[in-house]
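Values in this text are rule-based calculations from the coordinates and carry no lab data. Because the structure is predicted, anything quoted here is derived from the model rather than measured. Cβ atoms come from the backbone with ideal geometry, glycine included; neighbour counts cover every protein chain shown.
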Amino acid sequence: MKYVNSTFPFLKITSSSQWGLLLLGATLIFSCQEKVPEKKITEVDFETEEFGSFVEPGFPFITTSMDGRELGEGFPENNISARVLALQLGNEAYACFDTDMLRWTVAWTGEFMPMVTMAQISYDDFHNKGNQIPKIAGDPKLATGSYPGWSSGQPMFSDPRTPSPHPKSPPWGAIPAEIGRYEGIYTLGRQAVIAYTVGETRIHELPGSLKQGEMTAFTRYFNVSPADVPLFLVAAEVTGTDRVEVRENTLLIHRDGEITGLGLSPGSSGLRLAVYEDRYLVAEIAPHVEAIEFGLLVWKGRAEQLPDFEAATVEFDATMPAFDQGGPAYWSEVVLTQGRVSPDTAAFVTDRLTLPVPNPWKRNVRLVDIGFFDAKKAALVTFEGDVWIMEGIDADLNRLSWSRFASGLYEPQSLEIVDGMIYVYGKDGITRLHDLNGDGVADHYENFSNAMAQSIETREWASSMVADPQGGFYVAKFGALDMGPETSSPKSLMGFRSASHQDGSILKVSADGRSATPFATGFRGPYLGIHPEEGWLTGSDQQGHYMPSTPIMLIRKGDYFGVPATAHRDPIPEIAPPITWIPHNQDRSGVGQVWVTSSEMGPLNGQLLHLSYGRPGLFQVKIDSGSQVVQGGVNVIPGSYPSPTMKGKVNPGDGLVYYTGFSLWGHNSETLSALHRLRYTGKENYMPREYKVREGGIVLRFDQELDPAVAQDIAAYQVKRWNYQRTQKYGSGHYKLDGSVGEEHLPVLEAVLSDDGKGVFLIVPQITEVMQMEVGYTLKTKAGVSWSDKVWMTVNEVVRPNLLAEGFSELSEADLNQEYDASLLADRGAEAANAVRGKELFMNYGCIACHAVEGSGEGKIGPNVNGLYGSERAFTDGSTALADEGYLRESIVDPGAKVVQGREGEMPSFLGVLSENDITSIILYFKTLN
């Protein structure tokens, strides 16, 4: 038999022995063809990229909030939901399913809803922070109030949650699990199946819509597992009804010429429709020993549409899809990028892993956290609620493969991978993602835990989650900062609103996700880190009201960290001291921490790293193991940090630190988002190996032998200290130990070289407890390399030095008690005021991160300074003033006194930080910008 090959029609194969000729010919032909190179993205330009809609038409849901209190007459007024699945049901019909209350908050037709939450409004307008609370954009058809959508035993029309301690604030969080619990959502193309438990009964719901003639009805199809007690579903609430009609398999409520109808699908048995109190439309399900399925149609319209509704009820026929088998992949394409490996120019360099922008879905990619499956594969989460999988991580980063895995999550900021499973934490709780059919796309969004309360307040961020090596998670929640749109939460203390009973807290989530218990409280805006083996929990907080600067904290059960609005206990306990404070001009916005459990990071092996958003950059944190009270210090890890640094992890394969973040608030970088790798090159490291305060002085230790002459020259060191004050004002100025304004400069009486020549003991008088100590130095190695640096420490306890163990055998404690001239403690002479120095101060203190010098100031949280001097300023209290020298001076030392309209008042005081000459210099600089 002859065979004609379609690829090579000129070859005729007449026997099996001739297949070798075919293979040889194919090899020769393909070897002559030039291989088409893969298209890989090497650069990302967010500013020129055009992004698609935040809501993707083919995806069935997003998670968000919903304010349904102003739907109009006939609808319940007490109707607000902090966490809802906003569902696209087809036929221009939509519904919000409240995952806390297992109810339909609202269903409507027309337009979907405006994209106004923080993640949504800044999605393609990157620095737009004018967020609002979501409301529907179309025509409301049905709603329920703030009570469970389902109950067992008897119907429930009141809120069973613990009342808020604030009389004007509603309760927040999920209903008790014994009443009902949201279990998750399954995606099936344009459809979705919602899973939840009512009492002991598991229910699956397929929401949808049906259009017949001019009538659009909402469909709800249920699979209900066996139940030994009756179940009650509140499908709608109508107030001010005129009359009620109960027909076979339908309920009709008349109000002002409109009808709200509830209909049962044909063949339904063991069910009854009822109206309670002339307002609640309820489906009653009798006890049953086998699973049952039934459908409901809910409709609101004019009387002339009633025949269409009745016909649709009779004809309604649905089946529950095989939701547990997985659905079709929403995103099948792969995006290839090529990273950039930095040259080994320093001990630590940053390599860039290029993001998948542009991509086939025109999706923005603002990364906020990363987790690793293995050495080559990672998962990353974006602020817009997407999860991406990245593969191909290696030394040269030449071929990174990106694919989309999940979407629809609510402003997530954390991702963890535990036992190969992805967990994401956002305002919707902790979601565990499943790929049921192995096609590389999640199709089951399991509610691992929504036990943590969440209010609708926009600034009650779900900020951080870390996996406990003993099981479960720790999660951090922001305090409900008094910013953004006001909703139903009254003001609490200055800077805060009375939101959920767990805001500003760290919670311990159990290994099964069913409970979230308070672990520590009193935070303003905490972020977390954890030692993945030892379980040591660390954190940082955001400078602001009652938080004078950025702290780095070791967090233990029961700790309270100083914000009375989020103490959540009475009496308020003593404030736990931080490991260290970081000055405002070094870190305006601290975020996560990373423990380097690796042998590949050189001097950072075993160390704690702190990530700064505002700087941006990384700090090394040193904990003083010789102290009985927690204390320590930080130093900057030199490097290039072109984008905000927020979250990071150690790759288990290469042992290097990968970190990411995105831009929204003020910071000193121009890039919207990026993913980087901190790599140790083996070159000389000049960061201090150790620094600590001891009675009589300060110890500094390095990896290199120091030039003895330079190291022992007291002019090489500058030491100063100050305290902060916790007040209702935003941040804090600097104060001397006697409470007066300013900083104390301490003299270095002698610098003693250690026995090995790698350390110095600075003899400094009057060592005592202080919130902030800064030590600057300019040193030279024995090999002739010079460098300058600073470290910042907190002294919570003064520890006696063990000079022999420290390697200072020629130094005695008697040497530490030297006589000195007390006048050396006086403030040093100030540099003469001038505009050049003012510009230098403006840049060095990070003012440029919040205030634009030129341009529109887009993305800046403070007013422009270009043209500021002499202009008229309008304030939030309705008053105005001329921006003269007096106003500018007040704005620098007491910025909360007059807040410019359209601003949040987030500037800290520079009282005691800047001298009078410094302030004059800055004002002189502002004058040059007119």
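For all pairs of alpha-carbon atoms in the stretch 690-825, what percent lies in each bin of width 5 Å, listed from the first bin to the last filled one?
2, 10, 20, 22, 19, 13, 8, 4, 2, 1, 0
Please work out the Cα convex hull volume for the stretch 61-320 and give it in Å³ per residue. Provide the component values of the computation, followed by the final result.
Working: hull volume 34.3 nm³, N = 260.
Output value, Cα hull per residue: 132 Å³.
May I ask you to list the aspartates and glutamates whose Cα is less than 14 Å away from that of K508, ignoring any residue fewer than eight positions away on the same chain?
Answer for K508, where 14 Å is the Cα cut-off: D468, D559, listed by chain and number.
Under a point-charge model restricted to the Cβ atoms of Lys and Arg (+1) and Asp and Glu (-1), what is the dipole moment magnitude of the stretch 835-928 relative to its Cα centre, in debye to the nearest 20?
Working: 8 positive and 13 negative charges, 32 e Å.
Result for the stretch 835-928 is approximately 160 debye, rounded to the nearest 20.
Under the rule a/c < 1.5 gives rounded, and otherwise a/b versus b/c splits prolate from oblate, where does the stretch 648-703 land using the Cα gyration tensor? Intermediate values should be presented prior to the final figure.
On the way: a/c = 2.81, a/b = 1.59, b/c = 1.77.
Oblate, since a/c reaches 1.5 and b/c is not below a/b.
With the dipole of the chain worked out from charges on the C-beta (+1 for Lys and Arg, -1 for Asp and Glu) around the Cα centre, which of P551, G385, N796 lies farthest toward the positive end?
G385
Could you tell me which of rounded, prolate or oblate describes the stretch 588-647, using a ≥ b ≥ c as the square roots of the eigenvalues of the alpha-carbon gyration tensor, with rounded for a/c under 1.5 and, failing that, prolate when a/b is larger than b/c and oblate otherwise?
oblate
If you restrict to DSSP beta bridges whose two residues both lie in the chain, what percentage is antiparallel, to the nearest 5?
Once the DSSP bridges in the chain are tallied, antiparallel ones form about 100 percent.
Quick check on the chain: helices-only [θ] at 222 nm, where DSSP H runs of length 4 and up contribute -39,500 (n - 2.57) each and the sum goes over total residues. Nearest 500, please.
Here the helix-only value at 222 nm equals -2000 deg cm²/dmol.
Given an 8 Å cut-off on Cα distances and at least 6 residues of separation, report the relative contact order of the stretch 57-176 as a percent.
22 percent
Could you state the number of Å between the C-alpha centres of the stretch 269-291 and the stretch 634-694?
59 Å
Give me E237, E416, E50 ranked fewest to most by other Cβ atoms within 10 Å of their Cβ, as a rough exposure proxy.
Ascending number of Cβ neighbours within 10 Å: E50, E416, E237.
Label-point separation (nm) for R243 and K683, each offset 7 Å from Cα along Cα-to-Cβ?
Taking the two extended label points, one gets 8.8 nm.
Using alpha carbons only, how many angstrom separate the centre of the stretch 487-542 from the centre of the stretch 94-143?
Result: 26 Å between the Cα centres.
Using +1 at the Cβ of each Lys and Arg and -1 at the Cβ of each Asp and Glu in the chain, identify which of P230, S146, P532 lies farthest towards the dipole's positive end.
Selected residue: P532.
Hey, how many Å between the Cα centroid of the stretch 162-181 and the Cα centroid of the stretch 189-238?
One Cα centre to the other: 23 Å.
In straight Cα distance, which lysines are under 17 Å from K622, not counting same-chain residues fewer than 8 positions off?
Straight-line reach from K622, under 17 Å: K692, K790.
Would you be so kind as to identify which of V865, V699, V650 lies farthest towards the positive end of the dipole of the chain, taking Lys and Arg as +1 and Asp and Glu as -1 on Cβ and the Cα centre as origin?
Positive-most Cα among the choices belongs to V650.
Given axes a ≥ b ≥ c from the Cα gyration tensor, I'd like to know whether the stretch 190-336 is rounded (a/c under 1.5), prolate (a/b larger than b/c) or oblate.
Cα axes put the stretch 190-336 in the oblate bin.
Report relative contact order for the chain in percent, whole number only (criteria: Cα-Cα under 8 Å, sequence separation at least 6).
The normalised contact order for the chain reaches 8 percent.
So if I place +1 on the C-beta of Lys and Arg and -1 on the C-beta of Asp and Glu, and nothing else carries charge, what would the dipole magnitude of the chain be about its Cα centre? I want it in debye, nearest 20.
The calculation lands at about 860 debye.
Magnitude of the Cβ-charge dipole of the stretch 61-320, K/R +1 and D/E -1, about the Cα centre, nearest 20 debye?
560 debye
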